[in-house]
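The block underneath contains the structure these notes are about, expressed in structure tokens.
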């Protein structure tokens, strides 16, 4: 019978493979929520409830991995817990209630998001807090922790600022989309997604682990195609959309 370490290794390989498949699929088919929501994807939930269900899932899984870990009150486990949950407590319990009340999302997207968060939370939490081994934090260096945290929280600031800019724009437009301007919006159409990619790149550096790298890869696989679809949508919707902007990487993509 396969033990947990064997199952974990198998799941991690499958997870990297699935991220590549997901990237290709999302390049062709925009995920049907937000401005890309459309009929034909089954029953829907209010977007606030959908986001709450999706993002609270990973909070529960990651926290459980910490509690059940081999040394939950040691310094580094607490650092990883705080950094990880600094993103997801906001995403689960603050962000949904800043959304417009009329938005909805397919139940299929909610279920897919919950599944992703279960697997991702397990891979990162179980490895960090148990499966890395008896000397599980021997690979950590303070410069790497410091660099990873700096990158992570820089990405978070960008993400929160860009989301706030979009919320304010829709509020001023009576709930309608408009052209965001200023800051990183001068350079790219989706600095909120760029910020989130930067966050989890910082996490990968900070944890220096394959599960952390898998999370960063998955984030890019999900958000780069979505940023490209957003960029195309802006150009098709607004004739005066700034032609010099890129989708997500300044001056490049």
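Bear in mind that the values in this text are calculations on the coordinates, not laboratory data. Keep in mind that what you see is a predicted model, and the values were worked out from it rather than measured. Virtual Cβ from ideal backbone geometry, glycine too; neighbours counted across all protein chains shown.
Relative contact order of the chain: what whole-number percent is it, with Cα pairs under 8 angstrom and at least 6 residues apart?
Values: 318 pairs, mean separation 59.7, N = 253.
Computed value for the chain: 24 percent relative contact order.
Could you put 193, 185 in order, starting from the residue whose Cβ has the fewest other Cβ atoms within 10 Å?
Working: 193 24, 185 20.
Ranking 193, 185 by Cβ neighbours within 10 Å, fewest first, gives 185, 193.
What is segment 78-118 by shape, rounded, prolate or oblate, if you read a ≥ b ≥ c off the alpha carbon gyration tensor as root eigenvalues and call it rounded for a/c under 1.5, prolate for a/b larger than b/c, and oblate otherwise? Before the final figure, lay out the partial values.
Numbers: a/c = 5.75, a/b = 1.48, b/c = 3.90.
It is oblate, given that a/c is not under 1.5 and a/b is not larger than b/c.
Cut-off is 10 Å between beta-carbons; in what order do 104, 56, 189 appear when sorted fewest neighbours first? Let's see the in-between values first.
Working: 104 15, 56 18, 189 26.
Sorted ascending by nearby Cβ count, the order is 104, 56, 189.
When the Cα atoms of segment 36-138 are enclosed in a convex hull and the volume is divided per residue, what value in Å³ results? Numbers along the way, then the final one.
Working: hull volume 10.0 nm³, N = 103.
Given the Cα convex hull of segment 36-138, per-residue volume reads 97 Å³.
Using Cα pairs closer than 8 Å and at least 6 residues apart in sequence, work out the relative contact order for segment 136-253, in percent. Provide the component values of the computation, followed by the final result.
Numbers: 145 pairs, mean separation 37.6, N = 118.
After rounding, I find 32 percent.
Measure nothing fancy, just the Cα-based angle from helix 107-126's long axis to the longest principal axis of the chain, in degrees from 0 to 90, nearest 10.
Around 30 degrees separate the two axes.
May I ask for the angle, rounded to the nearest 10°, between helix 75-93 and the longest principal axis of the chain, with both axes built from Cα atoms and the value confined to 0 to 90°?
The answer is roughly 30 degrees.
Could you let me know the centre-to-centre spacing of segment 203-230 and segment 2-28, using Cα atoms, in angstrom?
Measuring centre to centre over Cα atoms gives 13 Å.
Could you work out the helix-only [θ] at 222 nm for the chain, with each DSSP H run of four or more residues adding -39,500 (n - 2.57) and the total divided by the number of residues, to the nearest 500 deg cm²/dmol?
Values: 7 runs with 161 residues, N = 253.
Counting only the DSSP helices, I get -22500 deg cm²/dmol.
Between the alpha-carbon centers of segment 156-174 and segment 87-107, tell me the distance in whole angstrom.
Cα centroid of segment 156-174 versus Cα centroid of segment 87-107: 14 Å apart.
Per residue, how much space in cubic angstrom lies within the convex hull of the C-alpha atoms of segment 179-230? Don't jump to the answer; show the numbers that get you there.
Numbers: hull volume 2.9 nm³, N = 52.
Cα convex hull per residue, to the nearest whole number: 57 Å³.
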